[in-house]
Amino acid sequence: MGTSFVCVLREGFKQIGRNKGMSIASVFSITAMLLILGIFFAFIVNVNVAMEAAKQDYDTVQIYLLDTTDTLMAEEMVSDLNDMPEVVEAVYIPKETALEAWKAQWGDSGYLLDSLSENPLPNAIEVNVADLEGADVVVEKAKTFSGVEDILYYKATVEKLISITSSVQIATLIMMLFLVIVSIVVVSNTIKLTVQARSREIEIMKYVGATNWFIRGPFLVGGMLIGLISAGISCGIVALIYQKVVELVGSDLLLIIGIPMVPAPFLSWNLAAIFVALGVAIGASGSIVSMRRYLDT
Amino acid sequence: MIEYENVTKYYKTNVGLEDVSVRIENGDFVFLVGPSGAGKSTFIKLMLKELDADSGIIRFGDMEVGKLSNREVPMLRRGIGIVFQDFRLLPKKTAFENVAFAMEIVHCTRRSIKRQVPQVLSLVGIEDKGDKYPDELSAGEQQRVAIARAIVNNPAVLIADEPTGNLDPDTAWGIMRLLERINNRGTTVVMVTHAKDIVDRMNKRVIAIENGKIIRDDVGSYGYDHGLYSLGEKGALGNYGD
């Protein structure tokens, strides 16, 4: 088993070696395709994470109170809201607590907020609701309160985000499909050249009684190797780029916005798995397509 | 045992074979003769399942050829060795490697290859030419390599498609004696040929095909005067002698 695996692998490399120019061209085109794919993948994964973060606020309605509204009135509103069946929990958050939370969120940069002469934040009531419909009811109710400055909830934002991500995902899928088809065509052309050069050998193999898979084997391995090499190269490049982006942007800016970036190693490993699967699949189907005519018995 | 039962094959409008029934026993030596385009190649291709018959049954041993799936076709072909007029050797492989190639394809171990290839090369009379490349061999020697390749996996049947077509008479005779020796070992030999003198001298069973039909099947001579093909002319039909 071990030796035959080495044997097959050697045959595959020989296959690539027989047609170096075209093999390199195939590797380039698949690599380019996977690179585009990888960058989109990294983008989408992060958008999804951002979406999830936003969804945490999905079921929260923020009611900002006027400074003229005192704690007693606020507590009354809170108990009113807590009586509603749609409400999971309503909490009064005084402006001081909110500022502390803000500072904590900024972490090391939190000292910047110390220079504020007075607290710019309003007192607020944070209402957790069970579902989206509940949020609407709570908003209607909150509108009836006096002393309310503003009511904030993320329904519209989240819905917009969902529609944007899904259209980006669909666009990426379509693009991917085209790129995959192009890659298969390129690989199949490469393999076709080597198949043509060996058509006599294949003919004899068929007469002697070689099975189709035996004949296909070396070409298949050649195609898969092309895919594998491309996957390796493109995965390395994307991981490197992503690492740099995370280093540049990740620590400061994104922390302040409040959305985390997916860590580079986690993304790289997933990307590697996808690339290897896709590269190998492209290589394999390319070689099978190119051999179909020769094996039609 | 090869058996054709009412086998018919048409190519669009042309006749390939029409209602052919014939039986070739194990160990037979059969010449398949007839003009070009008569149906000899169709006969062979149907046996190898390169083509499928429109109707009729072809049996090879206990296999019914028409019913084999694509996956089973290689098994059928392992029971049939083929030799062509143009040898069809791989030019970048030595004689030894060309023969070994046929064994590698059917997953033989390296040890059995090392043992069997020299035996077969010696059987075909070129035991000393194993390390030569095809272009270093004479036409007759190349055909011997091709025959070695065809029989190395011990097929039940050897099909020779005009094996002497590219050879001078003396060399051709050497090949015929070799085929006869292989036949004497028990291998069925089916030889497609136009060589009247060879058929006449061998005095074996002759199946003559014309326009897709078997017009004669008996032991004896080629059946055409002066080695010319009738090409369907009526005048020549009288010369079949039966």
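The values are calculated or read from the model by the stated rules, or taken from the named source; none is laboratory data. No experiment lies behind these values; they were computed from the predicted model shown. With ideal geometry, Cβ positions are generated from the backbone for all residues, glycine too; neighbour counts draw on all protein chains shown.
Tallying residues that are among the β-branched types (V, I, T) and more than 20 Å from B:I159 (Cβ to Cβ) within segment B:92-144 yields 5.
The single condition among (1) within 14 Å of chain B (Cβ to nearest Cβ); (2) assigned to a helix (DSSP H, G or I); (3) modelled with pLDDT of 85 or more that A:F214 does not meet is (3). Kindly evaluate B:Q116 against the criterion of being farther than 29 Å from B:I198 by Cα, in a helix (DSSP H, G or I) and of a type outside the set (G, A, S). So B:Q116 fits the description; yes. Taking (1) within 14 Å of chain A (Cβ to nearest Cβ); (2) under 30 Å from B:T8 (Cβ atoms); (3) surrounded by 19 or more Cβ atoms within 10 Å (Cβ to Cβ); (4) touching an Asp or Glu at 6+ places or on another chain (Cβ under 9 Å) in turn, B:P74 satisfies each apart from (4). Checking A:S167, A:S234, A:S188, A:S163 one by one, the residue that is part of a helix (DSSP H, G or I) and closer than 17 Å to A:I16 by Cα is A:S188 and no other. Given B:G56, B:G27, B:G66, B:G37, which one is outside any strand (DSSP E or B) and at pLDDT 90 or above? Among B:G56, B:G27, B:G66, B:G37, only B:G27 is outside any strand (DSSP E or B) and at pLDDT 90 or above. Look at B:V190 and say whether it is out of contact with any Gly (no Cβ under 8 Å at 6 or more places or on another chain), under 14 Å from B:K40 (Cα atoms) and either buried (at least 17 other Cβ atoms within 10 Å of the Cβ) or of a type in the set (D, E) (or both). Judged against the criteria, B:V190 is a match. The sole residue among B:D161, B:D128, B:D170, B:D197 that is acidic (D, E), surrounded by fewer than 16 Cβ atoms within 10 Å (Cβ to Cβ) and closer than 24 Å to B:F101 by Cα is B:D128. Of A:E133, A:E118, all but one fail to be away from chain B (no Cβ under 14 Å), over 30 Å from B:R77 (Cβ atoms), under 38 Å from the mean Cα position of the chain (by Cα) and at pLDDT below 85; the exception is A:E133. Residues that are surrounded by 16 or more Cβ atoms within 10 Å (Cβ to Cβ) and under 28 Å from B:P74 (Cα atoms) were ranked within segment B:108-125; the one that is nearest to the other protein chains (Cβ to nearest Cβ) is B:C108. Residue under question is A:I30, and the condition is that it be farther than 26 Å from A:L267 by Cβ and at pLDDT 80 or above; does it hold? No.
Loosely packed, with under 14 Cβ neighbours inside 10 Å and within 14 Å of another protein chain (Cβ to nearest Cβ): which single residue out of B:S55, B:S36, B:S21, B:S69 fits that description? Exactly one residue qualifies, and that residue is B:S69.
Residues in segment B:84-107 that are outside any loop (DSSP other than H, G, I, E, B) and more than 10 Å from chain A (Cβ to nearest Cβ) were compared, and the one that is nearest to B:N183 (Cα to Cα) is B:V99.
Can you tell me which residue in segment B:61-84 is nearest to A:G209 (Cα to Cα), limited to those that are out of contact with any strand residue (DSSP E or B) (no Cβ under 6 Å at 6 or more places or on another chain) and in contact (Cβ under 8 Å) with a residue 40 or more places away in the chain? Selected residue: B:R78.
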